[in-house]
1. Only one of B:255, B:316 is in a loop (DSSP other than H, G, I, E, B) and either buried (at least 18 other Cβ atoms within 10 Å of the Cβ) or modelled with pLDDT of 85 or more (or both). Can you tell me which?
2. May I ask you to list the residues in region A:136-173 that are touching a strand residue (DSSP E or B) at 6+ places or on another chain (Cβ under 6 Å), surrounded by 20 or more Cβ atoms within 10 Å (Cβ to Cβ) and in a loop (DSSP other than H, G, I, E, B)?
3. For region B:287-307, which residues satisfy the criterion of being over 39 Å from the mean Cα position of the chain (by Cα) and either surrounded by fewer than 21 Cβ atoms within 10 Å (Cβ to Cβ) or acidic (Asp, Glu) (or both)?
4. Condition check: surrounded by fewer than 19 Cβ atoms within 10 Å (Cβ to Cβ), of a type in the set (A, V, I, L, M), in contact with a helix residue (DSSP H, G or I) (Cβ under 9 Å, 6 or more places away or on another chain) and part of a loop (DSSP other than H, G, I, E, B). Does residue A:39 satisfy that?
5. So which of A:56, A:77, A:2 is in contact (Cβ under 8 Å) with a residue 24 or more places away in the chain, touching a helix residue (DSSP H, G or I) at 6+ places or on another chain (Cβ under 9 Å) and over 25 Å from residue A:167 (Cα atoms)?
6. As an exercise: evaluate residue A:6 against (1) in a helix (DSSP H, G or I); (2) closer than 22 Å to residue A:181 by Cβ; (3) more than 8 Å from chain B (Cβ to nearest Cβ) and give the number of the one condition it does not meet.
7. Looking only at strands (runs of 3 or more DSSP E) that fall completely inside region B:86-157, which ones have 3 or more residues that are surrounded by fewer than 21 Cβ atoms within 10 Å (Cβ to Cβ)?
8. Step by step: first the residues of region A:127-152, then only those that are of a type in the set (S, T, N, Q) and in contact with a helix residue (DSSP H, G or I) (Cβ under 6 Å, 6 or more places away or on another chain), then the one that is farthest from the other protein chains (Cβ to nearest Cβ). Which residue is that?
Amino acid sequence: MFLRGASGSGKSTLLGLLAGTLTAQSGSLKILGTELISLRPRERDSFRANHIGIVFQQFNLIPFLTVAGNLRLAGSFSKEPRRDFREKSEYLLQSLSLDLGLLQRRADTLSVGQQQRVAIARALINDPELLLADEPTSALDADTRDSFMCLLMSIRHVSDCTIIFASHDRSLMKYFDTEIELSEFNRAKKGLASRV
Amino acid sequence: MSSLWSRRGSVLLTAASLTISMVIVIGVEHIRAQAESSFVRTISNVDLLVGARTSQINLLLYSVFRIGNATNNIRWESYEDIAARSEVSWSIPFSLGDSHQGYRVLGTNLQYFEHFRYSDSQGLRFSEGGAFSAVLHAVLGSEVANSLGYELGEEIVLSHGIGNTSFVNHENLPFTVSGILAPTGTPVDRTIHVSLQGIEAIHLGWQNGAQVAASGLGPEDPRLADLQPTQITAVLLGLETPMAVFGLQRAINNYPREPLTAILPAVALGELWQIVGTLEGLLSIISILVLTASLLGLSTMLLSSLRERSRELALYRAIGARPLFILLIIELEALSLTLISVCVSYLTVTAGLALAQSWLSENFALVIGVWPSTTNIWLYIGGAIAASAALSLIPASIAYSRSLGHVLRSA
């Protein structure tokens, strides 16, 4: 699903709400059948660890840890730490066409494009149902961006998660089946508010 | 933790400051405790210390610590009278006032080597030779022998008075070293012991500190052995039963024939230590303040690191870490830094003492155990660790509450 909106239109806020790192003051928010609003903070954290993967614009990895360390850290917050962790991370790296030798490299020695791909692997390590991506391509140049998008789309074969991809970039729309224009969304809300 | 390593500059400085302050705390406390015990143990098993009428601290200082001068002397008859009392089990006369190369000379008798006790009832031991068997024999404390390089059989000339360089020497009667004592860690190490007759012999023909007539005595003179002391400086008394202490003390303080003071050494030592102890208390306070300052430095370092780590911390949250995890990693950082500093400083103090041990005992007669292990030191170490945990709660809780919101936005 493609979530389009200009800067400041509330993309990140919406993603924050979905991820459970922000809490709504009123209303209801159901994800995967779980009412997020009524969860206690600790339950929300563990819900996030188990069901949601997140990829940011940049700074997705702990810089002083190795790639393997980053993946392992993300795995350690999950409810059931996986036994096939090694196979899983190697499999993910391969499907994101990353060299396995990168596993032992420190994250901050990788190029930005590589970091973003490792970030996807990190987000997918716990088999989330939902992958939230907040402008993950804005720090990439055009070529890297296109290959990144292709890889992102190809992981649908690896993992059957829903991708919610927020961006202001209309040209990326072509990769997605569904799209939401956040400005329309906001207008509808305003109209609703003025009517009441 | 690799997170610490990635900020090693500020982390190492903080650890260094913590280590230095812990060295100060442990060092001061250890030396304080050791000094106190070596101080209180200078003299033991003595029930009463008798001197001419003076304050009890003054009497203690000049007779036991050989600091300062006696205000007055005790007549030999008074000594014989007191020593003959039925309560008295043994008595050691002290005659002070001469010196050799800055070391005090103590005139005494053979009772001294038999009954003098220090530390926990430890007696004196000879490392070489034995007690004096002739009038002009001398027994050296270990430090005297070491620093002046004297050996058995060496002839030494005593000086009148206690100055480091005296112009008046008792050159006509040199003493022969008959024995050297094993180290005790007390003023005994810095003392030259001779017989009372020896002291008497070198002062024959002296009046008011000046030689008015030649005594005509030579080292081989048979009259030496018949000399009777006329006055002494102090007396150590051991009693048959400790119950008699207060009665005898009162009797001596009211001695009719001359004004005398009898004190209980343990009480006087305690009183003296209270005076010295004030200074030590001050040292302890200063060292604790230094430690507090560097613990505050630790939490300042952690606090300012939060800014550069905000992305890192937000990321932990985004991948599912609970805020408690954030709190714990910051606490863990503080604690591991403190623990490392404690270990390093403990080892530093120990190594330093091991190196300085011989020097300290040679120059200050301070015998110091190498491993600091008094309860106080463990309390200080525990307190430092607890305080670092408590103080780092400030940055940790700030990180905790900050990490609760704005995760996506700050990333």
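1. Numbers: B:316 fails: in a loop (DSSP other than H, G, I, E, B).
After ruling out the rest, the residue left standing is B:255.
2. Across region A:136-173, the qualifying residue is only A:136.
3. Across region B:287-307, the qualifying residues are B:303, B:304, B:306, B:307.
4. On the way: surrounded by fewer than 19 Cβ atoms within 10 Å (Cβ to Cβ): yes; of a type in the set (A, V, I, L, M): yes; in contact with a helix residue (DSSP H, G or I) (Cβ under 9 Å, 6 or more places away or on another chain): yes; part of a loop (DSSP other than H, G, I, E, B): yes.
So residue A:39 fits the description; yes.
5. Values: A:56 fails: over 25 Å from residue A:167 (Cα atoms); A:2 fails: over 25 Å from residue A:167 (Cα atoms).
None of the others qualify; the one that does is A:77.
6. (1)
7. Numbers: elements: B:88-100, B:103-108, B:126-129, B:137-140.
Output list reads B:88-100, B:126-129.
8. If we filter region A:127-152 for residues that are of a type in the set (S, T, N, Q), which is where we start, we get A:137-138, A:144, A:147.
Checking the rest, the ones that are also in contact with a helix residue (DSSP H, G or I) (Cβ under 6 Å, 6 or more places away or on another chain) come to A:137, A:144.
Values: A:137: 16, A:144: 20 Å.
Filtering first and then ranking leaves A:144.
The values are calculated or read from the model by the stated rules, or taken from the named source; none is laboratory data. Note that this is a predicted model, so its numbers are computed, not measured. No Cβ is skipped: glycine too gets one built from the backbone with ideal geometry, and neighbour counts run over all protein chains shown.
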